[in-house]
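Below: one structure, written as structure tokens.
The values are calculated or read from the model by the stated rules, or taken from the named source; none is laboratory data. Here the structure is a predicted model, which means the values were calculated and not measured. A quick note on method: Cβ atoms are made from the backbone with ideal geometry, for glycine too, and the neighbour counts reach across all protein chains shown. Areas reflect the complete protein model, heavy atoms only, side chains present, ligands, DNA and RNA absent. Shrake-Rupley method; radii C 1.70, N 1.55, O 1.52, S 1.80 Å.
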Amino acid sequence: MRILTERGPAAAIAALVALVGCASGGGPQPEEILLSRGGFAPLDGSAPRVLVVVAHPDDELVATGALYVNGARLGGPCDVLTITDGQGGFKYATFAEARYGLELTREEVGRAQLPAIRRDEQRRSLEVLGARMLVRLKQTDHRYTRDRFEVLAEDAGVWDLDAVAASLDVRLADEGYDFVLTLAPTAETHGHHQAATLLALRAVERMAVADRPVVLCCEVEGADEPGVGQPPEVLGDEPLARLRDGAGPYVIDRTRPIGHRGRLSLKSIANVAIAQHLSQGTMLGFIGRGDLEEYWIFDVSPADAADRCEAWFARLQDPAFPEREYGESAGVGASR
């Protein structure tokens, strides 16, 4: 069942999941939220269709440049599928406690209240970027771990893996996405991030090769960091995580000046999107950071994936802002 909504150690963990995440008895039901796109470019069927698959309600911000240019400026349908409800972020909600009037850093309060709060924060953030739809699978964000098998093991009992797979299969079949964006599945990242990417890759692998979208992972780098231009060290024990040799990185430079006198940039827009996530101190700490989005092709992608990426990223280089000339009424020297 899909609900369409317009705006508007292990035993202890399993017990908490049962109390907080699955009280309805039938398990969490997927939710689709149509987003307000304001005056952004009208949806254009000729622009690439993009699905971002992530674990938590803010992970998609790794791809803010691609989402904003493709969605807000080109009019390409951009959807974000978030697997968990975000309740595990209670430890980072200190700033938001006064804002929302709730003791969110108390685990029992945060787990109960954060799913609704983070839903609204993510919606506002995605509307800044011109996304079309937010899909929430509402699986339990049980805890931080680097072990993906805490949720991926068949007997883990934290996520309903069959339901997640079914949601991914239906969305991929129905929407005809050109690109699927994920986080890089490395051993040093959150196990939920690893799991979300692997579940997306499994879903694409189940598709006929001719129907598959290009699947990419993204990392955000500082322009002067030593890892720039180097592919991420993806999970070596997961064949589906293999990256295509020689394909990438495809880069979006968030620092490229746009607008009058170059006072605006994609990095500025990313900061505004990040700032909507008031309950997440870790995310707020990324304001002002991250110069480059680097994208790498997974080998499960179709054979012409590199050609498709070359064409798409060429379009993404120009956000298509108008260049205007101003007279003296706008101020001395305003035209320069």
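Miscellaneous remarks
- Lone qualifier among 323, 293, 328 - being exposed (fewer than 11 other Cβ atoms within 10 Å of the Cβ) and under 29 Å from residue 271 (Cβ atoms): 323
- Exclusive hit being out of contact with any helix residue (DSSP H, G or I) (no Cβ under 8 Å at 6 or more places or on another chain), at pLDDT 95 or above and not aromatic (Phe, Trp, Tyr), set 127, 107: 127
- Selection status of residue 315, in a helix (DSSP H, G or I) and on the phi > 0 side of the Ramachandran plot: no
- Members of segment 297-325 found to be touching a helix residue (DSSP H, G or I) at 6+ places or on another chain (Cβ under 8 Å) and more than 29 Å from residue 178 (Cβ to Cβ), listed by number: 324
- Test for residue 182: is it more than 16 Å from residue 80 (Cβ to Cβ) and at pLDDT 95 or above: no
- Being modelled with pLDDT of 95 or more, open to solvent by 60 Å² or more (accessible area, probe 1.4 Å) and not acidic (Asp, Glu) is a property that residue 39 has.
- Qualifying residue in segment 150-163 (condition: open to solvent by 40 Å² or more (accessible area, probe 1.4 Å) and either touching a strand residue (DSSP E or B) at 6+ places or on another chain (Cβ under 6 Å) or aromatic (Phe, Trp, Tyr) (or both)): no
- Search result, residues across segment 287-314 that are over 13 Å from residue 63 (Cα atoms) and either at pLDDT below 95 or in contact with a Leu (Cβ under 9 Å, 6 or more places away or on another chain) (or both): 297, 298, 299, 300, 301, 305, 309
- Under the condition of being out of contact with any strand residue (DSSP E or B) (no Cβ under 7 Å at 6 or more places or on another chain) and assigned to a helix (DSSP H, G or I), the residues counted in segment 298-311 number 3.
- Filtered residue count, segment 142-182, keeping only those that are charged (D, E, K, R) and part of a helix (DSSP H, G or I): 6
- Listed by position, the helices (runs of 4 or more DSSP H) enclosed by segment 183-289 that each have at least 1 residues that are open to solvent by less than 20 Å² (accessible area, probe 1.4 Å) and small (Gly, Ala, Ser) are 191-205, 266-274.
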